[in-house]
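Okay, here's the structure, questions in a sec.
The values are calculated or read from the model by the stated rules, or taken from the named source; none is laboratory data. Not measured: the values here are computed from a predicted model. Virtual Cβ from ideal backbone geometry, glycine too; neighbours counted across all protein chains shown.
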Ligand SMILES: Cc1cc2nc3c(=O)[nH]c(=O)nc-3n(C[C@H](O)[C@H](O)[C@H](O)COP(=O)(O)O)c2cc1C
């Protein structure tokens, strides 16, 4: 059977991003038969504008929609910015929500996790990401959750934290199991 493909979107562009590290852990923790790929061009997407959507859309948008169309599921890994979704991620949601009613992630299972500095680990951003993607087309798997206060990582890569690694492995496995 072909591998289950999971598109991974990271809501931070920072080189030393802890969310990027969490996404790397998810890639490493994937069970056999599950292939996670981090999409690296979120920072290249133009701001969503209906005037530039349609034929002749930017290469980065084409790349995002092609990656999403080829995926069976999606995992979003994001920090919280000012109590909400980082703009780069919200912009990607808007691009993926079109064509209206027929976006490339339509009906595909999607889970949201992440880490942030605050004591609630970015839970507002994660809840709002679920809400927004829930409107944009994917099937949000509400009970696959991780809002990790950065303090728990103690400055280390998340792969060095056994509890976090086990949680991420469990979420990736359960997300893959949601693929029909
Ligand atoms: C513009 C900005 C806004 C932020 N707002 C929040 C916030 O509302 N809640 C929070 O917990 N952390 C907030 N932070 C701190 C981030 O959680 C922290 O920088 C985190 O490490 C970013 O994720 P990254 O390591 O993946 O880049 C903010 C950081 C920035 C740069």
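With respect to residue 16, is the statement that it is within 25 Å of residue 164 (Cβ to Cβ) and without any contact (Cβ under 8 Å) to a residue 60 or more places away in the chain true? Write out each step before concluding.
Values: within 25 Å of residue 164 (Cβ to Cβ): yes; without any contact (Cβ under 8 Å) to a residue 60 or more places away in the chain: yes.
So residue 16 passes the test.
Now, a different point. Looking at the stretch 129-141, which of its residues are surrounded by 17 or more Cβ atoms within 10 Å (Cβ to Cβ) and either over 15 Å from the mean Cα position of the chain (by Cα) or under 15 Å from residue 67 (Cα atoms) (or both)?
Residue satisfying the conditions is 138 alone.
Continuing with the same structure: Restrict the check to the stretch 166-177 and report whether at least one residue is over 21 Å from residue 32 (Cβ atoms) and in contact with a strand residue (DSSP E or B) (Cβ under 6 Å, 6 or more places away or on another chain). Can you show your working first?
Keep residues of the stretch 166-177 that are over 21 Å from residue 32 (Cβ atoms), which gives none.
Within the stretch 166-177, not a single residue is over 21 Å from residue 32 (Cβ atoms) and in contact with a strand residue (DSSP E or B) (Cβ under 6 Å, 6 or more places away or on another chain).
Follow-up question, since we're still on this one. Please go through the stretch 4-25 and give me each residue that is surrounded by 24 or more Cβ atoms within 10 Å (Cβ to Cβ) and part of a helix (DSSP H, G or I), ordered by number.
Selection gives 19, 22, 23.
Determine whether residue 163 is out of contact with any helix residue (DSSP H, G or I) (no Cβ under 9 Å at 6 or more places or on another chain) and either over 20 Å from residue 5 (Cα atoms) or surrounded by fewer than 21 Cβ atoms within 10 Å (Cβ to Cβ) (or both).
No.
Would you be able to tell me the number of residues in the stretch 39-89 that are at positive phi and either within 15 Å of the ligand (Cβ to nearest atom) or touching a helix residue (DSSP H, G or I) at 6+ places or on another chain (Cβ under 6 Å) (or both)?
Step one: list which residues in the stretch 39-89 are at positive phi, which gives 54, 56, 82-83.
Add one more test, that the residue is either within 15 Å of the ligand (Cβ to nearest atom) or touching a helix residue (DSSP H, G or I) at 6+ places or on another chain (Cβ under 6 Å) (or both), and what stays is 82-83.
Qualifying residue count, the stretch 39-89: 2.
Right, another one. For the stretch 31-128, which fully contained strands (runs of 3 or more DSSP E) count at least 1 residues that are more than 13 Å from the chain's Cα centre (by Cα) and in contact (Cβ under 8 Å) with a residue 24 or more places away in the chain?
Strands (runs of 3 or more DSSP E) meeting the threshold: 34-38, 109-116.
Still on this structure: State all residues of the stretch 160-180 that are free of Cβ contacts under 8 Å to residues at least 12 places away in the same chain and not in a helix (DSSP H, G or I); if no residue qualifies, say none.
Taking the stretch 160-180 and keeping what is free of Cβ contacts under 8 Å to residues at least 12 places away in the same chain, we get 160-163, 166, 170, 177, 180.
Within the stretch 160-180, 161, 180 meet the criteria.
Residues that are more than 21 Å from residue 130 (Cβ to Cβ) and modelled with pLDDT of 95 or more: does the stretch 71-90 have at least one? Before the answer, list the steps.
Kept after step one, since they are more than 21 Å from residue 130 (Cβ to Cβ), are these residues of the stretch 71-90: none.
No, the stretch 71-90 contains no residue that is more than 21 Å from residue 130 (Cβ to Cβ) and modelled with pLDDT of 95 or more.
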